[in-house]
Amino acid sequence: MENTSGQGKSAVVPPEVDRWNWGAFLLNWIWGIGNNTFIALLMFVPLANIVMPFVLGVKGSSWAWRNKRWDSIEQFKRVQRKWAVWSVIALALSIALLAGFFFLISTLLKNSDAYQLAYSKLQANPEAMAILTPPIKTGMVQGSIHTSGPSGKADISFSVEGLKTKGVVYLDATKDMGQWKANRIELEIEARPDRIDLNQ
């Protein structure tokens, strides 16, 4: 079959080329620049960027064949396989970085004085300890802590699990003159409608 690649819209796209393209789907605009398919830059247009990855996945191979000169079908398929491999690697790295970022933030929150205040209040509450039953495990900390010198504000939550049941601790605290104070701190027990006030 005649090599029609690089001839634009008039190029006949071989059936074995016209298939779903993972590189175009996952790396979209980067893949587009590398394959002379500049319509992929629509990824920078709001709303269009929602559908473009799917459009590129479906049409990317045929556009790449028409927009760039290739030595052969085999070379085209070999290059697109490499794009697919790199796109999967990039996706895996992105997920790993995102997970690492959330783990880092949670670790920083867990090492904060506000978290230590909440955990000590939980341990000091007889009702909460009786219901949960030690030893107590705590999960990832979510929320935010803002400090400015001796002042600050914390709104955090974290899961807790004892031998009998599990729940979530919610803390609303402020820092004044270098000391944290729990304005509200409550334990929500799984399958119980009422919360335990850990400030009592």
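The values are calculated or read from the model by the stated rules, or taken from the named source; none is laboratory data. Everything numeric here is computed off the predicted structure, so don't read it as measured data. Heads up, the Cβs are rebuilt from the backbone with ideal geometry, glycines too, and the neighbour counts pull from every protein chain shown. Just the protein is used for accessible areas: all its heavy atoms, side chains included, with ligands, DNA and RNA removed. Shrake-Rupley method; radii C 1.70, N 1.55, O 1.52, S 1.80 Å.
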Practice item. Please indicate, with yes or no, whether at least one residue in the stretch 180-196 is closer than 23 Å to Phe102 by Cα and buried (at least 16 other Cβ atoms within 10 Å of the Cβ). Key: no
Selection over the stretch 170-179 where residues are surrounded by fewer than 19 Cβ atoms within 10 Å (Cβ to Cβ) and closer than 10 Å to Asp155 by Cα yields a count of 3
Just one listed residue, out of Trp31, Trp22, Trp86, is open to solvent by less than 70 Å² (accessible area, probe 1.4 Å) and in contact with a Gly (Cβ under 9 Å, 6 or more places away or on another chain), and it is Trp31
Checked the stretch 31-40 for anything closer than 19 Å to Lys9 by Cα and in a helix (DSSP H, G or I); matches are Gly32, Ile33, Gly34, Phe38, Ile39, Ala40
Does Trp20 satisfy the criteria of being at pLDDT 95 or above and not in a loop (DSSP other than H, G, I, E, B)? no
Pairing a residue in the stretch 185-197 that is more than 16 Å from Gln123 (Cβ to Cβ) with any residue that is open to solvent by 10 Å² or more (accessible area, probe 1.4 Å) and hydrophobic (A, V, I, L, M, F, W, C), where Cβ atoms lie under 7 Å and the two sit 6 or more apart in sequence or on different chains, gives Glu188/Val168
Within the stretch 62-76, of all residues that are loosely packed, with under 15 Cβ neighbours inside 10 Å and not acidic (Asp, Glu), the one farthest from Asn28 (Cα to Cα) is Ser72
Scanning the stretch 34-60 for residues that are more than 23 Å from Ser72 (Cα to Cα), buried (at least 17 other Cβ atoms within 10 Å of the Cβ) and in contact (Cβ under 8 Å) with a residue 24 or more places away in the chain gives Met52, Pro53
